[in-house]
Structure formats: structure tokens, C-alpha cells
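Encoded as C-alpha cells, here's the structure I'll be asking about.
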């Protein structure tokens, strides 16, 4: 009896119980532990607040007691999925949370509304577009708000007025702390698009402290408005950045010619000096009289066997032009 080939079985597993709104989230464990000290239970809340640099919507994470706040960063790469238990999540995004000082989130409101007057904090943090901003009132980090402002009235009123001099001093300490961490971790902060893998460690290469301060200023400025970032740069008394024509390599500044500069015509003396400098090299010297206009031709290769046979057969024969000559 002939064998009948059976049809192949389909081994495709479908996921009908995949959650419609699930995230892959990496959360620092101490954030949950700190929140349990105040509430005993609960989960963090993800809300939308105004970003202190751009003023646009950004995602933040509050502990259940609202006593701490973290910024949520998203790592998104195409063609990436997650396998969660027996399910497949097609959205391969990964969300990370990192602690942020809540004073950075309050600073834009102070600069906008409390420059000339003191306003109670509960009124200052009322944002109709971002109502979750009021959660910052319970943040434990706001007990240091007097480092960027002046308290007016008693503690019950809790009114503050913006102080720019205090703010710049507070930001300077932040930058110095960031710069110190960069040094400890041997982070490459040199200029230019050079991979840190091919650069010497700071143990063997001396890097100017101003380079660390400038790099730290760039990190902190990600949470500051542009005008405040420029004021902070002047407050730090950093030297002006080097012009584009100067390159710094291994601590030595070398000048590079400008791309728009025209090449000057060398003098006759420079030509003779450059010619004599090339005498010891393999470059053809064209300054001597009688020098050929082109480099000497290389010796032609020896004729092959076929070429020799063809030349031998042609020997003794007349050229075709000889038939047209006058006799």
C-alpha cells in the first residue's frame, strides 16, 4: 500500500491574553523601599509634568507618598520585542527611571512668577495644563528650597521669592559635584569626535579641570532654561572656547589652516629650499636643467614567444607603402 504524505501541522502559538498597555520598566529598588517607610504599601505613579528645560510635557515617576520623584527615560530601538513569560510584546521600548532633584522642577515657576514678589508654594505649583505638579508639595527635597529663594513670612504661609544669586551658587555646587564624579569614573571629556576607547585614561593624561567643569555644565544645563544656562556659564568664569582653527591634541594646541584661506604663492627662495629638501627622496627633481618633462618610463617587459615568432616571420618582407613609391 502506498504511503500517503500527511499534511504538516502548524506550530504557531497565538497570544490572546497579551495586556494592551504594558511597559518594560527598570526601577531603582530603593525608590520603593523609601516609599514603604511612609506608606507601608502601594506602587509608584507615572505622571506628566512640565520639563524644566523645554517647558513641554515629560514623564516622571512619583513614589506612593509623593515624597520622591524620578525622571523617566525611554530607550527605543526599532525591530525589538520582549518575551514576557509565555507572551510576546511587540513594543520593544525600555523605560528607565533616574532620581531628579525636585528643585529643578520648581525653579521655572519661581523664575516666572516670584522674581518681584513672594508667592505661597501651594499657589505657585498650580498648573492647569499639568495638574499633577501639586504632588511636588509633598516632596522631601523641597525642604532645601531656601537655597535658591528667600522665605517670606512664617512657615505656615510658606511663601518664597526667587533669588538669582543663591540659584547660581547652588548650581555651581551641583556642577562641581558632577565634575568630581566624572573624574572618579575616568569619563573622557575631551573635545572632538574621538571614541573614549582610543584615548588615554586620566591617570596617564592630565585633563584640565575646566574641561570637566564645562562638561558638567552641559549635563546640568539639560534641566535649565537657555538664558539661565548662559548666566551660569559666565558665573563659572570659564575661558572662552577655542576657535575652530585651533586643535588640541595631547595637551598641545596646534593651529590648523582655515579652509577659506587662499594659498599664498611661494617665493623663489622657498622653492629652491623645498627643492633641495627633496633631493634625498625619490621625488623627481625638475629644477635641474635638462631634466625630462615627465618621469622616466619603466623598462618595457621582454617580448613573449609569440611576439618573437611574429617578428621573425615579418623579417625580410616589404612594407605596404613601398608599392606606392616612384620607381
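When the label point is put 7 Å from the Cα of residue 222 along its Cα-to-beta-carbon vector, which residues of the stretch 170-188 have a backbone N closer than 18 Å?
Label zone hits: 171-172, 174-188.
By how many nm would the segment from residue 98 to residue 140 lengthen if fully extended, with 0.36 nm per residue of separation less the alpha-carbon distance?
Length difference between fully extended and current span is 13.5 nm.
With a cut-off of 20 Å, note down the residues of the stretch 90-104 whose backbone N falls inside the zone around a label point 7 Å from the Cα of residue 187 toward its beta carbon.
96-104
So how compact is the stretch 25-162: Cα radius of gyration and Dmax in angstrom?
17.6, 60
Hey, another quick one. For 167, 87, 305, 43, what's the fewest-to-most ordering of other Cβ within 10 Å of each Cβ?
Listed from fewest to most nearby Cβ atoms, that is 305, 43, 87, 167.
All of the numbers you see were taken from the coordinates with simple rules; none came from a lab. Please read all numbers here as calculations on a predicted model, not as lab measurements. Cβ: placed from backbone, ideal geometry, glycine included. Neighbour counts: every protein chain shown.
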